[in-house]
1. Of the beta bridges DSSP finds with both residues in the protein assembly as shown, what % are antiparallel, to the nearest 5?
2. Which residue, chosen from A:Leu224, A:Ala186, A:Leu55, occupies the Cα position most advanced towards the positive end of the dipole of chain A, where the dipole is computed from +1 (Lys, Arg) and -1 (Asp, Glu) charges on Cβ about the Cα centre?
3. Rounded to the nearest 500, what is the 222 nm mean residue ellipticity of chain A from helices alone, with -39500 (n - 2.57) per DSSP H run of 4+ residues and division by all residues?
4. Report the calculated FRET efficiency for A:Leu393 and A:Arg318 (r = Cβ-Cβ distance, R0 = 25 Å), to the nearest 0.05.
5. In peptide B:67-75, what is the residue-averaged number of other protein chain Cβ atoms found within 10 Å of each Cβ?
6. Relative to the Cα centre, what is the charge dipole magnitude of region B:6-82, using +1 at the beta carbon of each Lys and Arg, -1 at the beta carbon of each Asp and Glu, and rounding to the nearest 20 debye?
7. Take chain A, mark every one of the trypsin sites (Lys or Arg not before Pro) that falls in a DSSP loop and has at most 12 other Cβ within 10 Å, then report the longest stretch left between them, sites excluded.
8. Beyond a 26 Å Cα-Cα separation, which of these cross-linked pairs lie in this structure: A:Lys203/A:Lys425; A:Lys14/A:Lys425; A:Lys104/A:Lys203; A:Lys382/A:Lys425; A:Lys104/A:Lys411?
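Nothing in this text is a laboratory measurement; each read-out follows from the coordinates by a stated rule. Computed from a prediction, not measured in an experiment: that's the story for all the values here. No Cβ is skipped: glycine too gets one built from the backbone with ideal geometry, and neighbour counts run over all protein chains shown.
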Amino acid sequence: MKRIAIVGMPNTGKSTFFNRLTGSSSRVGNWPGVTVELLGAHTILGGEAVEVVDLPGIYDLHGFSDDEQVVRSFLENNAVDQVVMILNASQLDHQLPLALQIHKLGMQPVLLVNMIDEADQLGIRIDAESLSASLNCPVVLISARNGTGMTAATDALLENMQSVTPVQPSELKAHLHADDEIVSHAELLVSQHVSSPSLLVRKMTERIDRVLLHPVLGLPLFFLAMFLVFQTVYTLGAPLQEAVAWLLELFRGWALDPLANVLPASVFGFLVNGLYDGVGTVASFVPVIILFFFLMAIVEDSGYLARAAYLTDALMARLGLDGRGFVMLLMGFGCNVPALMGTRVMRSRSLRLLSMLVIPFSLCSARLQVFIFITTALFTPKQAPYILFFMYLASFAAAFLTALVFGRRLKSDEPFVLELPPYRKPVLFQVLMRGWHEISHFLRRASTFIITGVILVWWLTHYPEGSTPGGAGTYASMMGDWMKPVLDPIGISSIMSVVLLIGFVAKEIVIGAIVAMTGLEGAALNSYMTTQMDGIQAISFMLFILLYTPCLSTLATQLGESRSWKFTGVSLAWSLGLAWVVSFCFYQGARALGY
Amino acid sequence: MHMEQPQKTLSNLSRLATGETACITGIHAPDDIRLRLQAMGLRTGRVARVIRRTRLGPMQIRVGSVDLIMRRRDAARVTITASQ
């Protein structure tokens, strides 16, 4: 099978093109360097099966960042039949040097000049034919967002692929060294084939930035925007969650409850009260998560994240981090794992390590599920959003504290230079793709972690035979008793401590575990929760869940990315210790004050 | 901050006043950092303009078709002369 590699700078719409070409789902971010994992897909082009690989966005083939090294080592170690380079039409002066670098390596790329619609609006005219002739390689003007020029692009791709002779990876190694002539060559090409107004004016972007990047208003507006996002998630998400829960219950009453007459009581209890209700309750939170990712995708695609980096850099610098670290924290609100991988854009190891130490404190969507569940059960609808917002503040505070504590040991002189992309209207197609991506991600996790976790908890809370389900004498209560000396001082009951133990693997299991353990769901479950904890205990429990460790996947990613057991160990020990101390201070403090 | 007379004390990008333009004459940094700044568009001979700056944090620079945000510390590595 022939292999096509897509290269380009960050922010050129590489991922959008990739999605168009392959129809598979990958995330698109306006923030430079978001595409970090190597995304691959198999697709049919002109009747032939091909493999398409989306390489990370890079500025320079000879650079020193991890992403640049990833691309270099990919090209040096994998035979590539065709390189497709995506360029941003309004920045050819900036982007052609990379194209020339690739060309010089003998890879005969197909150049796709993307965002031609945007360049048109700015009054930039590109003579693709003459540029193609000068470069001696195909140049096609496209807009991956609208799909303009996609047919011409695939045609050019197919035609070029027939004639191209793949460069052997070993030959590339010899060629990959810096060349200054490239830049002057690129400038010559731009002056010959591109005409653009002497002063580029992006009126819309400038007008918006005058407000959003305002020296005084910028930061408050940013926090307001974030607050609105979370408020929307809660106010729209809670009814959605109830609707799904209602549907699942309807199905249960109609299809599953009659089985009680057929199946032995213990089998029915396990399958319906344990497994179905457990997984079902977790599933009822999927709409909330999808909604959250929709909103994050909109923020990300609009280009606002780079503004967030600009606004927060001064604060982050004091903590030894930079604006990108803040953006990664925000990305971590979705899921910590991609946020950790996003730190690959950082060149300095100590800055990367510090960022990776901080990211696990960001309140990911899996923890959000648990918090929505608990706040709904224990607080009034009026209080709940504020408790939730308090959790987000605690998440930031923990991250900042961690940076302060470890920042001195992990100093760096990493330059902070980021591209500020113009604002772009998020594309519905991409946002929907993202939602679908999250559903499939959930189903994948559900089929492994959640089901296993729910079964395990059901077993722990129902055996040995003869014990009261969910009560004394079960394996779970024995384990709870062992942990009592540690968890009692922070107000966590022994039965909930088993949940914490299971939640170590993944926070998605937590709710399912509580359901399986109690055999309750819906309103009955909520009132059960009020017998297990009061408001103060609930907050202490949530603080502990927020801080103690995100999940096993996050730990594995930390280890994989840092390649250091010591770093991962320190991170784990710090978060466990911090979780306990914070919960202890909160719980004992609140009790001492008489709450 | 007060608007200063740019031409006289002008030496590096971090000291260029907001709204002013200047020509880049060089980058003084270790190889890896210099390569990175160059790849982002900060190359000798290009004209740079300061769009806005934060009081303590980074500044927004326009070079050619690219808008960048960078810290003063890094902008200080870029030497300039006033462009006509």
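1. Restricted to the protein assembly as shown, the bridges split so that about 65 percent are antiparallel.
2. The one lying farthest along the dipole's positive direction is A:Leu224.
3. After summing the helix terms and dividing by residue count, I get -19500 deg cm²/dmol.
4. 0.85
5. 6
6. About 240 debye.
7. The reported range is A:1-381.
8. Beyond 26 Å: A:Lys104/A:Lys203; A:Lys382/A:Lys425; A:Lys104/A:Lys411.
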